[in-house]
1. Can you list residue pairs whose Cβ atoms sit under 7 Å apart, with the first residue in the stretch 98-118 being closer than 11 Å to A133 by Cα and the second being part of a loop (DSSP other than H, G, I, E, B) and among the small types (G, A, S)? Count only pairs 6 or more apart in sequence or on different chains.
2. Among the residues of the stretch 58-72, are any assigned to a helix (DSSP H, G or I) and outside the structural domain of N122 (by TED's automatic domain parsing)?
3. Criterion first (at pLDDT below 85 and assigned to a loop (DSSP other than H, G, I, E, B)) does K24 satisfy it?
4. When only residues in the stretch 196-217 that are in a helix (DSSP H, G or I) and either over 18 Å from K126 (Cβ atoms) or assigned by TED's automatic domain parsing to the domain that holds P123 (or both) count, which is modelled with the lowest pLDDT?
5. Is it the case that some residue within the stretch 172-195 is among the β-branched types (V, I, T), surrounded by 11 or more Cβ atoms within 10 Å (Cβ to Cβ) and part of a strand (DSSP E or B)?
Amino acid sequence: MVQNGQLSQNNWKGEFFNKNQSIKAVRELKKTYSFLKEVDSIALQKSVEIVHDSYSRYYKKQNRLPRFKSKKNPVQSYTTKFVNGNIQVKDKHIKLPKLGLVRFAKSREVEGRIMNATIRRNPSGKFFVSIMAESEVQHYKKTGTSVGIDVGLKDFATLSDGTTHKNPRFFRTLEKKIINAQRILSRRQLGSSNWTKQKRKLPGCTKKSLMQEKICWTKSLPK
C-alpha cells in the first residue's frame, strides 16, 4: 500500500501482520476510499482483529492461509463491538451503529452486559443478528437422583420414570416443504430472476454454473 501511494509511511517493526498498525492504516485508507466512511468504524477495527487472529494462527501453523471472501460469498457478516451504548435492545428494535433502530424478531431476552453483535445474511437473503453478552451463570441445585433415557423412533425419548417425549418429526415436515419448493422451481425459467429467488429457498445448491445448479436440485429430490 505504501508503494501504491495509499499510505504515506510504514512503521511496522516485524515482517508479520501488525494489528495496531493496520487499524491505524484504516484511517489513512478512508482518505482514498470514501466508501469506508459509510461503514461503522468499530466494525472495521473488528475486521482487522479477525484478520490478525487468522494470520496469527497461520504463522503458528494452526490453520491454513486465510482466504479472501468477496461480496459474492454466499454468507456475508460483520461484527461490531459495544462502545458507549452503541448497541441496545429496545422492545422489538435493536440499535446498531450507522443503522439506528432496526425492527427484528427477538427470540429471547438479552441478559447481562452486551459485548458485541454479529449481523449475518444467509444465502436466502435473510438477516440475522447474534448478540454476545456477559452474565453470571446460575448453577442448578443437585437433586441427588438419576434417570435413564431410551431414545427411539416412535417416541423421541422414554424416561425410566415413565415420562415420554413425542417425536416432533422435523425431517418429514421439512421434506414436504422442500418437495413443494422444488416443484415450483421446476416451473421457473432457468436463469430468470424468479428462478434465482426460488433457488435460494432450496438448501445444498451452491454450484456456479446454471446447469450444475439444475443438476443439483434435480438430484436432491427425495426417493
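1. E111/S135; G112/S135
2. Pass one, the stretch 58-72, residues assigned to a helix (DSSP H, G or I): 58-59.
Filter again for outside the structural domain of N122 (by TED's automatic domain parsing), leaving 58-59.
Scanning the stretch 58-72, I find at least one residue that is assigned to a helix (DSSP H, G or I) and outside the structural domain of N122 (by TED's automatic domain parsing), so the answer is yes.
3. Values: at pLDDT below 85: yes; assigned to a loop (DSSP other than H, G, I, E, B): no.
In short, no.
4. Kept after step one, since they are in a helix (DSSP H, G or I), are these residues of the stretch 196-217: 196-199, 210-217.
Next, from what is left, pick out any that are either over 18 Å from K126 (Cβ atoms) or assigned by TED's automatic domain parsing to the domain that holds P123 (or both): 210-217.
Values: L210: 40, M211: 43, Q212: 43, E213: 43, K214: 44, I215: 45, C216: 46, W217: 43.
Looking at residues that are in a helix (DSSP H, G or I) and either over 18 Å from K126 (Cβ atoms) or assigned by TED's automatic domain parsing to the domain that holds P123 (or both), I get L210.
5. So in the stretch 172-195, the residues among the β-branched types (V, I, T) come out as 173, 178-179, 184.
Those still in the list that are surrounded by 11 or more Cβ atoms within 10 Å (Cβ to Cβ) too: 178-179, 184.
From what's left, part of a strand (DSSP E or B): none.
Checked against the condition, which is being among the β-branched types (V, I, T), surrounded by 11 or more Cβ atoms within 10 Å (Cβ to Cβ) and part of a strand (DSSP E or B), the stretch 172-195 yields no hits at all.
The values are calculated or read from the model by the stated rules, or taken from the named source; none is laboratory data. The structure presented is a predicted model; accordingly, all values stated were derived computationally and were not measured. Cβ: placed from backbone, ideal geometry, glycine included. Neighbour counts: every protein chain shown.
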